[in-house]
1. Between ASP233 and ALA67, 0.36 nm times their residue separation minus their Cα-Cα distance comes to what?
2. In which sequence would PHE255, PHE86 go, from the one with the fewest C-beta neighbours within 10 Å to the one with the most?
3. Residue separation times 0.36 nm, minus the C-alpha to C-alpha distance between THR5 and ASP280: what's the value?
4. Calculate how many DSSP beta bridges within the chain are antiparallel, expressed in % of all such bridges and rounded to the nearest 5.
5. Of the listed peptides 316-324, 297-305, what is their order by residue-averaged count of other C-beta atoms within 10 Å, with the highest listed first?
6. Would you please give the FRET efficiency between SER20 and PHE255, computed as 1/(1 + (r/R0)^6) with r the Cβ-Cβ distance and R0 = 56 Å, to the nearest 0.05?
7. Of LYS98/LYS287; LYS97/LYS207; LYS46/LYS226, which sit over 29 Å apart, Cα to Cα?
8. Amide H neighbours of ARG235 under 5 Å, at least 5 residues apart or on other chains, H built in the peptide plane: list them.
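What follows draws every value from the coordinates through simple rules; no lab data is involved. Please read these numbers as outputs of a predicted model, since none were measured by experiment. Ideal geometry is used to build each Cβ from the backbone, glycine not excepted, and the neighbour counts take in all protein chains shown.
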Amino acid sequence: MSIKTANPSHIKDAAEIIISGGLVAMPTETVYGLAANALDGKAVAKIFAAKGRPQINPLIIHVYNTAQAERYVEMDERSRRFADHFWPGPLTLILDKKADCPISDLVSAGLPTIGVRCPAHLVAQDLLMVCDVPLAAPSANASGTLSPTAPMHVAQSLGDKVDLILAGGASEVGLESTIIDARGDVPIILRPGSITPDDIEAAFGVKPEIGFGNPDAPTSPGQLLKHYAPNADLRLNAVDLADDEALLAFGSLKFMGLKSGGFVKDLPAERILNLSESGDLYEAASKLFAHLRQLDEGGFKRIAVMNIPDSGLGIAINDRLTRAARK
Ligand code: TXA
Ligand code: MG
């Protein structure tokens, strides 16, 4: 495994690895992806092996524009409007596969649909252009663990299982893309992300259906699986801190108390990481996975998490936290 800065020469190296059937970790604006040529079944199989991912869990493909997407999936006026409005960007559309679609069946795990996304990160776009093949890419982490938002996270999670890591800075959004089933009259959100239900309603005047958050009625295979799991146990909506807990804070710590008396603000700094002192949800999303990793690495067995408002981008943050807390 090697980590290289994503300059044009290294992007060319990465494209050669992809075309010869290897795996490249690429930066995207959401999280780092583990990419392979989606047309090459053997290469796609390597993704499942490297992540230890169950083969029932389909992958999404990445394309550089809508025209490329239309070679593989059926797009109607509605789905084109989604693509025009939100691509390139953190939105994955679930669409019907074309009858003659050459994408490996492993990608869609036998489903008649495929998730497609056009990433906004310039390195991902360049890599897609130079390769000129659709890239299957799940998050570049071992299955079930936290998604990587920096090149080092990929190296730590996958090591030599990836041929090359293209380093392109910290992921700006920090949460995986919003997934929408865009085939019906009413769009269904299968995974919340930084494009919120309100953003979708504002763009199209239709209130999307919420298809996530109910483990008893999964709408996407990924919802069935243990996910985003740090090693530590999480306690959500904490209003005070126990002696054996580290704190994942959000907002001001001025009045946060210790169960045993005293104030959190007087504790040693390494026991507390703040997602956003000013209570900014965008900052919190971008730091969520990195902070959880850091507290895990600090050896804390229990992490208390302060309340995060459940609106706008907070919906996606709370989705990840709720799933990370589930054992
Ligand atoms: O932001 C992202 O989407 C990142 C970056 C790398 O693009 N990718 C990502 O991929 O998060 P992954 O594989 O970690 O998550 C994709 C999710 C899975 O939960 C999977 O079950 C769901 O998408 N999915 C994929 N294809 C699907 C389909 N045809 N129908 C329903 N759900 C699907
Ligand atoms: Mg993932």
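1. Additional length available on full extension: 55.3 nm.
2. PHE255, PHE86
3. So the chain would gain 96.0 nm between THR5 and ASP280.
4. Close to 40 percent.
5. Order by mean packing, descending: 316-324, 297-305.
6. Efficiency, rounded to the nearest 0.05: 0.45.
7. Beyond 29 Å between Cα atoms: LYS98/LYS287.
8. Under 5 Å from the amide H of ARG235: ILE303, ALA304, VAL305.
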